[in-house]
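Let me begin by presenting the structure, written as structure tokens, before commenting on it.
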Amino acid sequence: MTRVLIVDDHRLFRSGVRAELGDSIEVVGEAEDVDSAVKAIAELRPDVVLLDVHMPGGGGQEVLRRVLGSGSQVCFLALSVSDAAEDVIGVIRGGARGYVTKNISGRELTDAIRRVADGDAVFSPRLAGFVLDAFASSEAPSIDPELDSLTQREREVLRLIARGYAYKEIAKELFISVKTVETHVSSVLRKLQLSNRHELSRWATARRLV
Amino acid sequence: MADQKTVVEPEAGVPYRRMMRPMEGRLVGGVAQGLAAQLKLDPVVIRLVFVLLSVVGGVGGVAYAVLWMITPREPYQGEPPARDWSQLAAFTAIGVALFAFGFLTGASRGGVGMLPFAIGGIGGLILWQQADPERRKHWVSGATRSIRKNRVRTLLGVMLVVAGGVGFLMVEGQLHEAGQGLLLTVVVVGGLAVIAAPWLAGLWKELQLERRERIRQEERAEVAAMVHDSVLHTLTLIQRVAHDQREVTRLARAQERDLRNWLYQPAQDADATLAAAVRRIAAEEEDAHGVPIEVVCVGDIGLDSGGRLAAMLKAGRQAMVNAAKYSESPSISVYAEVEGEEATIFVKDRGKGFDLDAVPVDRMGIRESIIGRMERHGGAARVRTEPGEGTEVMLTMKVEKQ
């Protein structure tokens, strides 16, 4: 049973998510702002935190900073109505293991939570598009070639996600296992979080793409 | 005499306050009283100074008039109190007596030499009086600090000024005629500048404030118009068609897209680049068929004049229409990518799919509008589908690298 904490400042949305999540997910609590979220995470020790990006008191990024900064190992899945590039890249670089938009279906959300709880990453098609765009080939010299570019395989996986393929379909398409797909996506997540790639930050702030 | 009650003491904690002209106890305009309160002197002293200065070259009168104009009147409730005419008469008598004395002895003629000092002094006074307390403190501390910091420079400056002054005085013997006029002109212009400076600064500040306020109001009006024209309108429509779930979803989707574009999207010309055109087409078909179409774009390119990308967009639109109309998929994914010398569009649904070989020859949708069109323009189209597996249409077109 995966134990989940819902952090969102809209009460209606919290109850909606609670109702939509399947039986295999146990909602252990809710929080409505940064302070109560940090407190609840410390007290309830959930497996996964569903984190809203925009909240009073600094938003999701502030929660990430305070919780992950204190050495906690809890997994975050960002959930937001916004799919503005700076929000998406912001929370991912802040430490969230996935980003989905709020119009996601209950079944997909359940899948995403389970995947994050298993230590894998969850990329929406749009996030995959952002990453492909941000890591697009460029003449600028990179500081760390391993972190600052995607492998051919990773690009293929991301492109299929952007095209709307589920992990299972990607595995079938590329003749690899679902576990390998997950490994590739986790590797991209790590690069996205750790890369100092100049374009990444500049791109996220300069372009307000949806 | 001065009615001390009317002199409002500066409030505790506020060391400076703006000079005001009190109504109560005034003789002419309340200027002397206000000034007295400001300088913490007896109003009688100020009045005598004004009278004296008026006699000597008329400077006092001018100064009084200027101060009267620029000093705000203290708010006063009720009927304005009557002036103390006997006091006014006394001061007038003193003035007349002094003027007569000056006229007889010829002392007032020397008064012209006082003019620059008087104007400069008044100017400084105005500057001081107009400035707000914070800035005054800043001036004082700034000046003392800079003097302390740059002792050598200050000393040098003073020496230069003194040397210049001495030199000027020595030469003045020869340039006596011209020098006098020049000096007076400089003094008058300087005085005017000093007088006008705070007023101009105030005007400028006010203008800036007004502009900022206007911009804010325009922005608010734009937001209000946006909310009214679209969001409120849609909410009303949704209430009216509440029984029709499909229509409600369609309306909400369209509104969401609108709002998102408005919030996050840079103003884009939908006919200028491939990504913008794909987004626009997806929005139109989503609106027409009520099926959500998720668009992801990577890279972008300007539309070519040869119409090859336009043909690709038409094929893409046809693929979206097919998916929306026949696939029964709850949503459609569109992915457009420009990389290197190739532009690609994928249109994918998770609907019922179909057997490509079983499509009747006379059905033009896929064969002509998609595959045929792409091939005629030098591109390629591939359709992957199987019954129950959904459909994906892939369009590729060579483009010139930009």
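The values are calculated or read from the model by the stated rules, or taken from the named source; none is laboratory data. Predicted, not measured: the structure shown is a model, and the values here were computed from it. Neighbour counts are summed over all protein chains in view; Cβ atoms, including those assigned to glycine, are modelled from backbone coordinates with ideal geometry.
Numbers at a glance
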| read-out | value |
| --- | --- |
| Boolean, B:Ser333 is closer than 30 Å to A:Ala134 by Cα and polar (S, T, N, Q) | yes |
| Residue tally, condition away from chain B (no Cβ under 14 Å) and out of contact with any Leu (no Cβ under 7 Å at 6 or more places or on another chain), over the range A:56-90 | 18 |
| Those residues of the range A:159-187 which are within 14 Å of chain B (Cβ to nearest Cβ) and of a type in the set (A, V, I, L, M, F, W, C), in sequence order | A:Leu160, A:Ile161, A:Ala162, A:Ala166, A:Ile170 |
| Residue match in the range A:136-152 (condition: of a type in the set (A, V, I, L, M), touching a residue at least 24 places away in the same chain (Cβ under 8 Å), part of a helix (DSSP H, G or I) and under 24 Å from B:Ile293 (Cβ atoms)) | no |
| Residue in the range A:81-91 that is closer than 17 Å to A:Val4 by Cα, modelled with pLDDT of 85 or more and not in a loop (DSSP other than H, G, I, E, B) present | no |
| Hits in the range A:95-123 - residues which are within 14 Å of chain B (Cβ to nearest Cβ) and over 8 Å from the mean Cα position of the chain (by Cα) | A:Thr101, A:Lys102, A:Asn103, A:Ile104, A:Ser105, A:Gly106, A:Arg107, A:Glu108 |
| Within the range B:302-320, considering residues that are among the hydrophobic types (A, V, I, L, M, F, W, C) and crowded, with 18+ Cβ neighbours inside 10 Å, the one farthest from the other protein chains (Cβ to nearest Cβ) | B:Ala311 |
| Residues of the range A:1-55 that turn out to be farther than 19 Å from A:Cys75 by Cβ and either touching a helix residue (DSSP H, G or I) at 6+ places or on another chain (Cβ under 6 Å) or not assigned by TED's automatic domain parsing to the domain that holds A:Leu77 (or both), as a count | 1 |
| Residue within the range B:273-296 that is within 14 Å of another protein chain (Cβ to nearest Cβ), acidic (Asp, Glu) and either touching a Lys or Arg at 6+ places or on another chain (Cβ under 7 Å) or touching a residue at least 12 places away in the same chain (Cβ under 8 Å) (or both) present | yes |
| Filter result (more than 10 Å from every other protein chain (Cβ to nearest Cβ), at pLDDT 85 or above and closer than 25 Å to A:Val100 by Cβ) within the range A:124-158 | A:Thr151, A:Arg153, A:Glu154, A:Glu156, A:Val157 |
| Among residues of the range A:153-167, those that are crowded, with 23+ Cβ neighbours inside 10 Å and outside any helix (DSSP H, G or I), counted | 3 |
